[in-house]
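The values are calculated or read from the model by the stated rules, or taken from the named source; none is laboratory data. Worth saying up front: this structure is predicted, and the values here are computed from it rather than measured. Cβ atoms come from the backbone with ideal geometry, glycine included; neighbour counts cover every protein chain shown.
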Amino acid sequence: MLTLDPKELPIPKLHRYLLGSIGPRPIAFASTIDKDGNRNLAPFSFFNVFSANPPILIFSPARSGRTNTTKNTHDNVKEIAEVVINVVTYDMVHQMSLASSPFEAGVDEFEKSGFTPIASDTIRPFRVKESPVQIECKVLEVKELGQNGGAGNLVICEVQKIHIAEEVLDENQMVDQQKIDLVSRMGGNWYCRANDASMFEVDKPITTIGVGVDALPEKIRTSSHLTGNDLGILGNMESIPTAEDIKRDLSVMDTPSFSLAKDLLSQNKPQRAYAILMQVL
């Protein structure tokens, strides 16, 4: 294993290690204005939601690692403490990338990248019409993490209003994760697209408590044929199946086998998989 001390690495190299390892990262496509009303639009992948009550988003326009200059977005939110955070979808990713070019202050990235500005309801910066979710925010604080190149600047935003396009909603008026087709950043020039090929569901243990991997029989815990994911699925069972449970599950199977157990685990059917494993291991 490669072990690194960040204090011993040049900042550009450390930056590549961090961004290549931590991802995919959601993108805040931030729309701001300066004190003269000039529009600015720029993407930032140091971004996430941090609270629902109050509704808080944070993104970070870091200082340039090459020139130690601040981003126009950082300067703007210190002058006008308002921002629209627009989400980025696959259909707009190349225009968004164009907007990330280091244009001079005062240059309108809406015009440069071909996006359509539309007025916000509660703040002065404009929304991006092409984005399916546009979030109007007041900036509560800009926390500067340092004064050297590569230092982050946490822009702490409180949500004022959310606009969501009807076409990305499901029948319950919630955001459909397949319809929205989000993209995210990875290391280097790499992006990730959240579509059917890359998405999967994992049940969250919110209302139930699993028995834990430590409660599984030793022959299952120590099997070299089972992965960590397999053990995690089995450990999420609320109780260990009884002998009667195992007998009942085996009675409906023609030929229990290890490969069938693996298939059942991939289908998130741990009780039936457990019954097979207890027989074949």
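Observations
- When Gly188, Gly150 are screened for being touching a residue at least 40 places away in the same chain (Cβ under 8 Å), touching a His at 6+ places or on another chain (Cβ under 8 Å), within 22 Å of Ser21 (Cα to Cα) and in the same structural domain as Leu14 (by TED's automatic domain parsing), only Gly150 passes.
- Residues located in segment 89-112, provided they are over 16 Å from Ala165 (Cα atoms), assigned to a helix (DSSP H, G or I), out of contact with any strand residue (DSSP E or B) (no Cβ under 7 Å at 6 or more places or on another chain) and not basic (Lys, Arg): His94, Gln95, Ser97, Leu98, Glu111
- Single residue of Asn53, Asn38 found to be surrounded by fewer than 20 Cβ atoms within 10 Å (Cβ to Cβ) and closer than 27 Å to Glu111 by Cα: Asn38
- Taken together, the residues in segment 121-134 that are surrounded by fewer than 20 Cβ atoms within 10 Å (Cβ to Cβ) and more than 25 Å from the chain's Cα centre (by Cα) amount to 3.
- Test result for Glu158, part of a strand (DSSP E or B), among the acidic types (Asp, Glu), at negative phi and surrounded by fewer than 16 Cβ atoms within 10 Å (Cβ to Cβ): yes
- All conditions but one from (1) closer than 13 Å to Ile135 by Cβ; (2) in a loop (DSSP other than H, G, I, E, B) apply to Gly65; the one that does not is (1).
- Any hit, segment 198-209, residues being touching a Cys at 6+ places or on another chain (Cβ under 9 Å), loosely packed, with under 12 Cβ neighbours inside 10 Å, free of Cβ contacts under 8 Å to residues at least 40 places away in the same chain and part of a loop (DSSP other than H, G, I, E, B): yes
- Failed item, numbered, when Ala30 is tested on (1) surrounded by 21 or more Cβ atoms within 10 Å (Cβ to Cβ); (2) small (Gly, Ala, Ser); (3) free of Cβ contacts under 8 Å to residues at least 12 places away in the same chain: (3)
- As a summary of the residue check, Thr89 satisfies the conditions (1) under 19 Å from Lys138 (Cα atoms); (2) touching a residue at least 40 places away in the same chain (Cβ under 8 Å) except for the one numbered (1).
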